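Asks: Shown below is the structure under consideration.
The values are calculated or read from the model by the stated rules, or taken from the named source; none is laboratory data. Every value quoted in this text rests on a predicted model; they were computed, and no experiment measured them. Cβ coordinates were reconstructed from backbone atoms using ideal geometry, including for glycine residues, and neighbour counts include every protein chain displayed.
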Ligand code: NAD
């Protein structure tokens, strides 16, 4: 509890420095820095402080006839020393939220932030050792080379957030020591917008959740699926929303973050070649700026539909209706999240029943992330293992099955001891 309180103090006392680091790394607006990093982390710490006494309690379990006089329970033990490896897109919260659960469950921990978000990495390595017990918690900085070296050590648990390809490297390294892992990975999150849903409401919610952090969010709606008729209503609504949110010249808006680095700028710029630009499309390499862009007439085989976009481009694919949308989703890897907008609850039920994903949010984007009560994580290529709230505590706990038998009543045990004679078995 004292370490959790120290972590909370660390964030509260350094909010301005955190916002500044995120502004340097991603030109992240202060509101998005707070909503996406500090507020979410504080929320998780408060949840753990409030519930830890309950979560860590031994849990009594059902017993059988032979153990009816004994005590049987599940004890929540820490794993030991755990490793948390984070990405650059939410460089603070995506290491600190797992850390909350690792601390709550009683582990020692090494935190390895992303080397790409350099200001956040430096800030974490300066701050954490001065707030947390240095005998139990350490920050190790560096990129692939340093992480490879780190992974040569034996950890009791590894919690990784990042790309699918590096996830495989981490799991391979963990397998050498049979270390359990959680992998929070990536993918393309579909967003189906049904006919009949108010286009302006859909535009507001989808534009907000897609362009938050300039599209560099693992749960961002990656592409829209809708009918041609809905697309014709959505485009003017999206155009209007973009002007309302970011003004006539979004490059001048203080509310639009920037692409993390030149490599990602080039990667995302190349995706502009898919389909037709309906809105946006201009860019400024020196500013790592690509205007919020909506692409139409994209094909399933286009590059923009092959990889996670992770940037300010949103393609719209047209389908004939919900059945075709479901078929499209099911032809591809299971995503981290599916979004669906529909005024009809039967459509929601149909999508839920006929698809699979780590999470689901109906009629909005990203708001599921505000609930510590929902498990968060992927399935298939979007990852394995869940966290947030109690699920983080459980992830970092060894659920140890304990049976405590009484020392007496030995005569009752005769039935299970050799020699297994008929006479003995009848007792
Ligand atoms: P990344 O996989 O490139 O890097 C993640 C971490 O792995 C970094 O700390 C990095 O130093 C380390 N790393 C990189 N290469 C390595 C190697 N060869 N060996 C060992 N370690 C290595 O991911 P990223 O670019 O930082 O983050 C973006 C990706 O993360 C996106 O695909 C995004 O969808 C995903 N992501 C997922 C979630 C989630 O919760 N599921 C959240 C945020 C980001």
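Asks: Mind counting the residues in the range 112-138 that are within 12 Å of the ligand (Cβ to nearest atom), free of Cβ contacts under 8 Å to residues at least 60 places away in the same chain and either over 23 Å from residue 15 (Cβ atoms) or not in a loop (DSSP other than H, G, I, E, B) (or both)?
Replies: Here is the first cut: in the range 112-138, the residues within 12 Å of the ligand (Cβ to nearest atom) are 112-118, 120-121, 124.
Okay, now just the ones that are also free of Cβ contacts under 8 Å to residues at least 60 places away in the same chain, so 112-115, 121, 124.
Of the ones still in play, those that are also either over 23 Å from residue 15 (Cβ atoms) or not in a loop (DSSP other than H, G, I, E, B) (or both) are 112, 115, 121, 124.
Final tally of qualifying residues: 4.
Asks: Applying the selection to the range 315-332, what residues are within 23 Å of residue 367 (Cα to Cα) and in contact with a helix residue (DSSP H, G or I) (Cβ under 7 Å, 6 or more places away or on another chain)?
Replies: 315, 316, 322, 326
Asks: Residues of the range 392-424 being loosely packed, with under 11 Cβ neighbours inside 10 Å and farther than 26 Å from residue 71 by Cβ, which ones?
Replies: Passing the criteria: 418, 419, 420, 421, 422, 423.
Asks: Of these, 72, 105, which one is farther than 20 Å from residue 9 by Cα, modelled with pLDDT of 95 or more and more than 12 Å from the ligand (Cβ to nearest atom)?
Replies: Of the residues listed, the single one that is farther than 20 Å from residue 9 by Cα, modelled with pLDDT of 95 or more and more than 12 Å from the ligand (Cβ to nearest atom) is 72.
Asks: For residue 353, indicate whether it is under 23 Å from the mean Cα position of the chain (by Cα), under 21 Å from residue 366 (Cα atoms) and loosely packed, with under 14 Cβ neighbours inside 10 Å.
Replies: Details: under 23 Å from the mean Cα position of the chain (by Cα): yes; under 21 Å from residue 366 (Cα atoms): yes; loosely packed, with under 14 Cβ neighbours inside 10 Å: yes.
For residue 353, the condition - under 23 Å from the mean Cα position of the chain (by Cα), under 21 Å from residue 366 (Cα atoms) and loosely packed, with under 14 Cβ neighbours inside 10 Å - is met.
Asks: In the range 1-68, which helices (runs of 4 or more DSSP H) lie fully inside it and hold 2 or more residues that are farther than 30 Å from residue 262 by Cα and either touching a strand residue (DSSP E or B) at 6+ places or on another chain (Cβ under 7 Å) or at pLDDT 95 or above (or both)?
Replies: Working: elements: 2-13, 15-26, 30-33, 39-55.
The helices (runs of 4 or more DSSP H) meeting that bar are 2-13, 39-55.
Asks: Separate question: Please specify each residue of the range 80-102 satisfying the condition of being buried (at least 24 other Cβ atoms within 10 Å of the Cβ), near the ligand (Cβ under 8 Å from one of its atoms) and assigned to a loop (DSSP other than H, G, I, E, B).
Replies: Residues satisfying the conditions are 86, 89, 90.
Asks: OK, next. Going through the range 376-391 one residue at a time, which ones are buried (at least 17 other Cβ atoms within 10 Å of the Cβ) and more than 12 Å from the ligand (Cβ to nearest atom)? It would help to see each step written out before you state the result.
Replies: Residues of the range 376-391 that are buried (at least 17 other Cβ atoms within 10 Å of the Cβ), as a first pass: 376-379, 381-391.
If the condition is that a residue be buried (at least 17 other Cβ atoms within 10 Å of the Cβ) and more than 12 Å from the ligand (Cβ to nearest atom), then 389, 390, 391 are the ones that fit.
Asks: In addition: Within the set of pairs 6 or more residues apart or between chains, which connect a residue that is part of a strand (DSSP E or B) inside the range 277-303 to a residue that is loosely packed, with under 13 Cβ neighbours inside 10 Å with Cβ atoms less than 9 Å apart?
Replies: Cβ pairs passing all conditions: 290/284; 295/276; 296/276.
Asks: For the list (1) in contact (Cβ under 8 Å) with a residue 12 or more places away in the chain; (2) over 21 Å from residue 256 (Cβ atoms); (3) within 14 Å of the ligand (Cβ to nearest atom), I need the number of the one condition that residue 172 fails.
Replies: It is condition (1) that residue 172 fails.
Asks: Given the conditions (1) away from the ligand (no atom under 13 Å from the Cβ); (2) over 30 Å from residue 57 (Cβ atoms), and given that residue 167 satisfies all but one, which numbered condition is not satisfied?
Replies: The single condition residue 167 does not satisfy is (1).
Okay, residues lined up against (1) within 25 Å of residue 381 (Cβ to Cβ); (2) surrounded by 14 or more Cβ atoms within 10 Å (Cβ to Cβ); (3) modelled with pLDDT of 95 or more:
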| site | (1), (2), (3) |
| --- | --- |
| 243 | no, no, yes |
| 255 | no, yes, yes |
| 262 | no, no, yes |
| 271 | yes, yes, yes |
| 287 | no, no, yes |
| 295 | yes, yes, yes |
| 300 | yes, no, yes |
| 309 | yes, yes, yes |
| 314 | yes, yes, yes |
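Asks: If you don't mind, there's one more thing I want to ask. How many residues, within the range 169-192, are over 21 Å from residue 218 (Cβ atoms) and either buried (at least 16 other Cβ atoms within 10 Å of the Cβ) or in contact with a helix residue (DSSP H, G or I) (Cβ under 9 Å, 6 or more places away or on another chain) (or both)?
Replies: Just the residues of the range 169-192 that are over 21 Å from residue 218 (Cβ atoms), to begin with: 172-173, 175-180.
Retained after the next criterion (residues that are either buried (at least 16 other Cβ atoms within 10 Å of the Cβ) or in contact with a helix residue (DSSP H, G or I) (Cβ under 9 Å, 6 or more places away or on another chain) (or both)): 173, 179-180.
Selection size over the range 169-192: 3.
Asks: Any residue in the range 168-184 that is under 20 Å from residue 271 (Cβ atoms) and modelled with pLDDT of 95 or more?
Replies: Step one: list which residues in the range 168-184 are under 20 Å from residue 271 (Cβ atoms), which gives none.
Within the range 168-184 (the criterion being under 20 Å from residue 271 (Cβ atoms) and modelled with pLDDT of 95 or more), the answer is no, since none of the residues qualifies.
Asks: Within the set of pairs 6 or more residues apart or between chains, which connect a residue that is on the phi < 0 side of the Ramachandran plot inside the range 329-350 to a residue that is modelled with pLDDT under 95 with Cβ atoms less than 6 Å apart?
Replies: Close Cβ pairs (under 6 Å, with a partner that is modelled with pLDDT under 95) amount to 333/187; 335/187; 336/187.
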